[in-house]
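These notes concern the structure reproduced below.
The values are calculated or read from the model by the stated rules, or taken from the named source; none is laboratory data. Computed from a predicted model, the values in this text were never measured in an experiment. Every residue, glycine as well, gets a Cβ built from its backbone with ideal geometry; the counts of neighbours run over all protein chains shown.
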């Protein structure tokens with residue numbers, strides 16, 4: 001039950017009626033007309049910009065349209081007040097009966113309240129994490145992991161058919177460095193004194209088990225082989241063990257992907273999907289042989305002026321055309337990425353979402369250009385960049401991890417503070433803003449700790465039902481009884497404020513899903529929790545507002561219905577974020 005969609009429909013009906021009366025021109029584009037909460041809650045329950053956005057095309061003053069529109073809207077169902085503000089904004093107030101109907105819908109809907117069919121079961125591919133398989137995940141990876149997972153949950157809640165995918169970068173130079181680093185640990189495992197780890201290799205202790213596994217399987221045989229023979233053997237073992245570690249790290253955050261796609265598979269198994277992609281684009285006229293000017297600001301003497309195989313990226317919005325082959329004839333990373341995204345398109349995805357670290361920001365335009373060419377303009381790519389995470393403890397930077405060598409592992413953070421604080425706080429800031437994650441503050445039991453504040457609201461709500469069962473055991477509190485309660489007694493401004501906040505949930509889901517912004521859910525849950533805590537505190541000073549009134553079943557049932565609606569939305573929102581809806585707080 002989306003209040004704002006319902007009244008947008010009433011606004012459209014009123015505008016169409018005015019057009020039929022020749023009060024405004026017919027055929028106006030209504031796509032920019034919105035109904036939303038007013039910026040100032042004292043102005044009413046709903047606001048519409050209809051008169052402001054239609055005035056130019058209608059060749060009328062905004063206020064003239066607004067006054068005509070208000071006259072129509074006053075007759076719309078449940079509108080208790082309609083007025084014009086400023087140059088032509090329209091504010092609407094709805095009667096209490098409408099808000100009580102919304103609450104009843106929330107109670108009846110339960111976990112389904114707020115779900116929408118806007119996704120139309122469209123297939124969406126969300127690729128996230130995709131960390132190089134060269135070691136354990138760090139906190140920065142964790143932010144992208146949580147963001148991508150919550151976004152996938154959100155899109156599923158909004159009606160999409162979502163596939164969660166991880167791209168394994170197992171074909172670049174970094175995995176050869178991994179293999180050489182693991183080979184050093186292999187030598188160590190069979191008794192060699194390896195001394196200090198040479199610069200350029202991975203120093204973390206996490207490769208010690210890889211070395212031991214290689215020693216157990218191969219003994220000293222690999223030492224007798226040239227690098228060209230042992231490198232692929234060690235590389236495969238190291239990658240497999242690193243991916244097992246990464247899966248375990250992700251599982252500690254309740255994150256599981258459905259697809260793990262290997263970059264190496266693009267050019268193995270008897271086919272070369274990269275070359276196939278290049279030829280596909282060449283036939284479409286998007287590949288040519290040519291020369292590029294040196295990058296702006298680069299020293300001319302460092303630039304190799306040569307003819308290259310280029311993708312015509314500028315035809316699709318990029319700043320320059322992009323090389324797809326190196327001087328030795330091997331493919332660039334970009335060529336492999338194009339082939340990978342073509343594979344996604346061939347699997348039937350029309351919407352692609354990639355979650356990357358902020359250091360990949362310069363890569364966005366070229367990848368959008370590639371998808372534009374590969375999808376023929378029928379496939380969309382949205383790249384979400386996750387900014388850095390600065391790890392703190394009581395305001396002080398956290399030192400590096402001995403296990404990883406040069407960073408703090410994600411697993412260490414999860415083990416210290418728990419899954420819920422990590423997931424919620426990773427989402428309690430927009431993904432493209434830097435995040436300060438304080439290990440001490442995220443476990444505080446205070447209003448200043450958002451995850452505690454929201455979980456506490458749910459636990460408080462559940463405690464109301466336990467206390468009601470104890471105080472009034474004859475009271476039926478199943479969903480049907482709660483939905484059938486007499487809600488007319490809910491008339492206090494704090495009760496209505498909470499109901500109106502609940503009513504925003506369906507619209508919030510749609511907007512967050514449309515713009516791929518799961519942080520909106522976290523912000524909303526905090527505001528909803530705040531409204532509930534305020535009502536709770538008000539009941540301490542005004543006994544007639546308490547949730548359980550033992551000698552008045554009518555009032556108690558109405559307020560239990562309110563709490564049921566609240567806990568249902570909190571549980572749904574927390575599930576989207578991947579955070580536990582606590583039954584009680586200890």
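In region 358-369, the residues that are without any contact (Cβ under 8 Å) to a residue 60 or more places away in the chain form Cβ pairs under 6 Å with partners that are surrounded by fewer than 17 Cβ atoms within 10 Å (Cβ to Cβ), at six or more places apart or across chains, as follows: 369/317. Take residue 231 and tell me if it is surrounded by 14 or more Cβ atoms within 10 Å (Cβ to Cβ), within 30 Å of residue 423 (Cβ to Cβ), outside the structural domain of residue 339 (by TED's automatic domain parsing) and touching a helix residue (DSSP H, G or I) at 6+ places or on another chain (Cβ under 6 Å). For residue 231, the condition - surrounded by 14 or more Cβ atoms within 10 Å (Cβ to Cβ), within 30 Å of residue 423 (Cβ to Cβ), outside the structural domain of residue 339 (by TED's automatic domain parsing) and touching a helix residue (DSSP H, G or I) at 6+ places or on another chain (Cβ under 6 Å) - is not met. Listed by position, the strands (runs of 3 or more DSSP E) inside region 61-161 whose residues that are touching a strand residue (DSSP E or B) at 6+ places or on another chain (Cβ under 8 Å) and within 25 Å of residue 567 (Cβ to Cβ) number at least 1 are 89-94. Scanning region 178-202 for residues that are farther than 16 Å from residue 227 by Cβ and surrounded by 15 or more Cβ atoms within 10 Å (Cβ to Cβ) returns 188, 189, 190, 197, 202. Restricting 250, 223, 214 to those that are under 34 Å from the mean Cα position of the chain (by Cα), over 30 Å from residue 331 (Cα atoms) and surrounded by 13 or more Cβ atoms within 10 Å (Cβ to Cβ) reduces the list to 250.
Part of a helix (DSSP H, G or I), surrounded by fewer than 20 Cβ atoms within 10 Å (Cβ to Cβ) and in the same structural domain as residue 134 (by TED's automatic domain parsing) - does that describe any residue in region 379-390? Taking every residue of region 379-390 in turn, none turns out to be part of a helix (DSSP H, G or I), surrounded by fewer than 20 Cβ atoms within 10 Å (Cβ to Cβ) and in the same structural domain as residue 134 (by TED's automatic domain parsing). Residue count for region 15-29, restricted to those that are surrounded by 17 or more Cβ atoms within 10 Å (Cβ to Cβ) and part of a helix (DSSP H, G or I): 2. Would you please name the residue that is modelled with the highest pLDDT, looking only at residues in region 265-301 that are surrounded by fewer than 10 Cβ atoms within 10 Å (Cβ to Cβ) and assigned to a helix (DSSP H, G or I)? Restricting to residues being surrounded by fewer than 10 Cβ atoms within 10 Å (Cβ to Cβ) and assigned to a helix (DSSP H, G or I), the top hit is 283.
Kindly indicate the residue of region 491-506 that is assigned to a helix (DSSP H, G or I) and surrounded by fewer than 21 Cβ atoms within 10 Å (Cβ to Cβ) and also nearest to the chain's Cα centre (by Cα) among those meeting that condition. This residue is 501. Restricting attention to region 399-433, the residues that are at pLDDT 90 or above, under 27 Å from residue 245 (Cβ atoms) and part of a loop (DSSP other than H, G, I, E, B) total 2.
Every condition in (1) over 30 Å from residue 501 (Cα atoms); (2) touching a helix residue (DSSP H, G or I) at 6+ places or on another chain (Cβ under 8 Å) is met by residue 107 except one, and the failing one is (1).
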